[in-house]
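Working notes, beginning with the structure itself.
Every read-out reported here was derived from the displayed coordinates using simple, explicitly stated rules and does not represent laboratory data. None of these values were measured; they are calculated from a predicted model. We place every Cβ from the backbone using ideal geometry, glycine too, and count neighbours over all the protein chains shown.
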Amino acid sequence: CETQSQKGEKFMQTNVRKALSILFLLVGIATVCLLTGQVQAQDTYKVGVLQPFSGPYSIYGEEALAACQVAADQLNATGGLLGKQITLIKKDTKGDVATGVRQANDMILRDKVDAIIGPTSSSVLLGVIEVTKENKTIHISSIANTEKATLEAIHPYYYQVVPNSYMESQAIANYLKGLDFKTYVTIALDYEWGHSTVALVKKELEKSKPEAKLLGEFWPPLKETNFSSYITATLNHKPDL
C-alpha cells in the first residue's frame, strides 16, 4: 500500500506535468499571438492563476499554484517564454461566482495578465469564461470541466486540458453497464458540475440499464465538509450501488 506521502508526491508530480503541458501550450499560443501582433511589448509574460485559495477547496488552488510555479521556474531557467520571464499572479475565487468574475476582471484590466489558468469550480468557470471572451484573453481550464464550457460558452481564446463532464459521465455509465445492480442512489455537490454529471449518468443508465431504479438523490451544498447525514440517508435506502 502507498503511504500518504507517496500518494501526495504522485499527486504533485501529476500536477507539475499538467502545469508544464499548460505552460508549453501557452508557448505555442503566444508564438501565434506574437506573429499576429497580439502580444504586448513587455519584459514579462503574466499568467493569472485564478483558483480557490480559501475555504474547503483551497487544496486545489494551492496545488495548482505550486505546480504552475515549478513549471514557470523550469521555463524561466531555460530562457522563459519567447524570451520573456513568466510571472504568476495569484487571485482567490473563494469558490464563489461573483468573486471569481470580479477577480478575473481585475487580473485582466489592472494586472494586465496575458493568460488566465483556472478556476476549480465549474460554476465559477461559466462566469469567468464570459470575462475572458469579452476581453479576448487566453483562458486555460485545468480543473473545472463542465461540458457547458466546451459546448455552449466556448470562445476562440478558451482551452480545456481536462475531460469535460460529458466524457466523465459517459465513462462512468460505460463502466456501470458491466455491474449487476438493480437500485442506486446518487450524491453530488449542489452546483453546475454535480447536477450536469448526475443528469448525464442518469440519462445514459436509462438507455443502457433501464431496469435500474433510482431510489434517491442527495445534494450537499458546494462547501459542505460533513457528509455524515447524507451517508446515513443513503444507507437507509439500502441501494445496491
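Structural remarks
- Relative counts (whole %) of C-alpha pair distances in the stretch 68-139, using bins that are 5 Å wide: 3, 17, 26, 21, 15, 11, 6, 1
- Set of lysines near residue 238 by C-alpha distance (under 21 Å), chain-local residues within fewer than 8 positions excluded: 177, 182, 202, 209, 213
- Residues residue 162 and residue 134, FRET efficiency given R0 of 30 Å [Cβ-Cβ distance, rounded to 0.05]: 0.80
- Working note: Karplus 6.51/-1.76/1.60 with θ = phi - 60° gives the stretch 70-75 the couplings 4, 5, 5, 4, 5, 5 Hz, where Gly and Pro are set to x.
- Pairwise Cα inverse-distance average, inverted: Kirkwood Rh of the stretch 70-110 (Å): 11.9
- Annotation: amide H-H contacts under 5 Å for residue 183 (H modelled 1.01 Å from N, sequence separation of 5 or more, or interchain): 213, 240, 241.
- Pairwise centroid distance, computed over Cα atoms, of the stretch 69-88 with the stretch 157-176, Å: 31
- Across the stretch 199-211, coupling constants 3J(HN,Hα) worked out from phi with the 6.51/-1.76/1.60 Karplus curve, θ = phi - 60°, read 4, 5, 5, 4, 4, 5, 5, 4, 8, 8, 9, x, 6 Hz, and Gly and Pro carry x.
- Beta bridge orientation in the stretch 47-171: antiparallel %, DSSP, nearest 5: 5
- Annotation: amide H-H contacts under 5 Å for residue 51 (H modelled 1.01 Å from N, sequence separation of 5 or more, or interchain): 91, 93.
- Interchain or long-range residues, amide H under 5 Å from residue 159's placed H: 139, 140, 141
- The residues packed around residue 96, meaning those with a beta-carbon under 10 Å from its beta-carbon, carry a net charge of +2 if Lys and Arg are +1 and Asp and Glu are -1.
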